[in-house]
Ligand SMILES: [Zn+2]
């Protein structure tokens, strides 16, 4: 084998190695791309399934007929929703704020109306008390002065 031949062989080997390295990195790139696409597709499926779940849950809340199996799941959702409510109430106590029932804005305990949407807030009152207040609110302009007396 001549030196030139040896060199040519060596050169070919290097070229081949380089080619296969490029091919390999292309393949790795494609694998990564496909994996990402599969991941995206899975996310899409999850989103659609979530939408289906929401539609079924809405049906359950509207009293429409759904299968017992779906109803059981909806009851489970209700239970978790209830837990979240309880945790939010506890958070409210810890943060010493009052959450607006209309827009969920955090208000100071002394606020009477939501600083964001103007909804009436304040400490929880019984329905009876609330009725009395509503009545007095209606007559406010008339009785405002007499209340102070
Ligand atoms: Zn509000």
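Cβ-Cβ contacts under 8 Å between residues 6 or more apart (or on different chains), taken from a first residue in region 64-76 that is assigned by TED's automatic domain parsing to the domain that holds residue 54 to a second residue that is assigned to a loop (DSSP other than H, G, I, E, B) and surrounded by 10 or more Cβ atoms within 10 Å (Cβ to Cβ), are listed as 74/66. With respect to residue 69, is the statement that it is modelled with pLDDT of 95 or more and outside any helix (DSSP H, G or I) true? It is false that residue 69 is modelled with pLDDT of 95 or more and outside any helix (DSSP H, G or I). Entry remark, region 59-94: residues being within 21 Å of residue 119 (Cα to Cα) and over 22 Å from the mean Cα position of the chain (by Cα) number 1 in total.
Residue 62 passes every criterion in (1) at pLDDT 95 or above; (2) surrounded by 10 or more Cβ atoms within 10 Å (Cβ to Cβ); (3) closer than 27 Å to residue 104 by Cα apart from (2). Whenever a residue of region 79-101 is within 18 Å of residue 121 (Cα to Cα), its partners that are assigned to a helix (DSSP H, G or I) and within 16 Å of the ligand (Cβ to nearest atom), lying with C-beta atoms within less than 8 angstrom and at least six residues away or across chains, give the pairs 98/92; 99/88; 99/92.
The values are calculated or read from the model by the stated rules, or taken from the named source; none is laboratory data. Values in this document were obtained by computation on a predicted structure and should not be read as measured data. FYI the Cβ positions are ideal-geometry reconstructions off the backbone, even for glycines, and counts take in every protein chain you see.
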